[in-house]
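Some notes on the structure that comes next.
Where a number appears in this text, it was derived from the coordinates with a stated rule and is not lab data. None of these values were measured; they are calculated from a predicted model. Here the Cβ is made from the backbone with ideal geometry for all residues, glycine too, and neighbour counts use every protein chain on show.
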Amino acid sequence: MIEETTTGQIATEQPGRTAALVLDRASVAYGDVPALEELDGVVHPGEAVALIGPNGAGKSTLIKALLGLVPVVRGRIEVLGTTPARARRQVAYVPQADTLDPDFPVSVEQVVMMGRYRKIGWLRRPSAADRAEVAAALEQVGLARRARDRFGTLSGGQRQRVLLARAIAARPRLLLLDEPFNGVDAVSQHALLEAMAALKEQGAAVVVSTHDLAIAHLACEEVCLLNKHQYGFGPTESVLTPERLRATYGGQALELRGDRVIVTRT
Ligand SMILES: Nc1ncnc2c1ncn2[C@@H]1O[C@H](COP(=O)(O)OP(=O)(O)OP(=O)(O)O)[C@@H](O)[C@H]1O
């Protein structure tokens, strides 16, 4: 199927190749209240898409819809060739680190092992292979030496990396990241980007919501500009323009400072 998106970009579902994600005139609602309308776009395995838009634009809502947690009321969302709910076992989600209680008494490696439980089953003991996956995932985010430390003793950026390691250990085909770079220092940001790149190389697709345009340029082949409606979906270089960003951010006074979108007044 080939169709023209609202941006004029050509979105293609290629025959014989299962797209990681297909949005086809998809609308999403909380009860009677529409949250996102008429989204169109395709993301292929090994690619990343950045979700960009102001606060309340619906970025987290789209991520929840990809997890099957918010219903599609019109159109279609396909994840890994099936419905979001059916694809759920092959999708990993990294929430914002500050949504987890840092006082929860678990070690870093126990948090990462949680990523294996869907494969292990909750009643079986982790095998040596599971422990090796956990060690490799921690290595990938640069925290191998913190494995035995208590999760709550790590910095916010390090905790975010642990949550990414948990997702990596699940060996997902689609990774969803909700603003993973918020309040994260340069070392953690670098580690997150490296781990994201490694996952893409292994063929996983990535959806990442961010306010940081540098991340979109550095790590994402595609961007999706959102503010209840879609203001663009397609290759980063052609879609991420100041004009489209201004349209996406609507009446808000917007400054593009280097690679960050700064909303100066709402
Ligand atoms: N559980 C819910 N029930 C009803 N409305 C909701 C719910 N969660 C979010 N919304 C509404 O949906 C809209 C989109 O919110 P969402 O959290 O997806 O935005 P966002 O782009 O992720 O924002 P931010 O950048 O601030 O995280 C908002 O108007 C919000 O109030």
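Values computed for the structure shown
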| read-out | value |
| --- | --- |
| Cβ-based exposure ranking for SER155, SER27, SER127, in which fewest neighbours within 10 Å come first | SER127, SER155, SER27 |
| Once the Cα gyration tensor of the range 128-246 is diagonalised, semi-axes √(5λ) in Å | 29, 16, 11 |
| R0 of 51 Å, Cβ-Cβ distance ARG124-ALA247: FRET efficiency to nearest 0.05 | 0.50 |
| Relative contact order (percent, whole number), the range 2-265, Cα cutoff 8 Å, 6+ residue spacing | 25 |
| Estimated inter-spin distance, GLU139 and THR153, nm [label 7 Å along Cα→Cβ] | 2.4 |
| Cross-link partners of LYS228 among lysines (Cα-Cα below 21 Å; sequence separation of 8 or more within a chain) | LYS59, LYS64 |
| Sum of side-chain charges, LYS228 neighbourhood, beta-carbon under 13 Å (Lys, Arg +1; Asp, Glu -1) | -1 |
| Where N is the number of residues in the range 2-265, Cα Rg divided by 2.2 N^0.38 Å | 1.00 |
| For TYR93, distant residues with modelled amide H under 5 Å away | LEU176 |
| Antiparallel DSSP beta bridges within the range 2-265, as percent of all bridges there, nearest 5 | 65 |
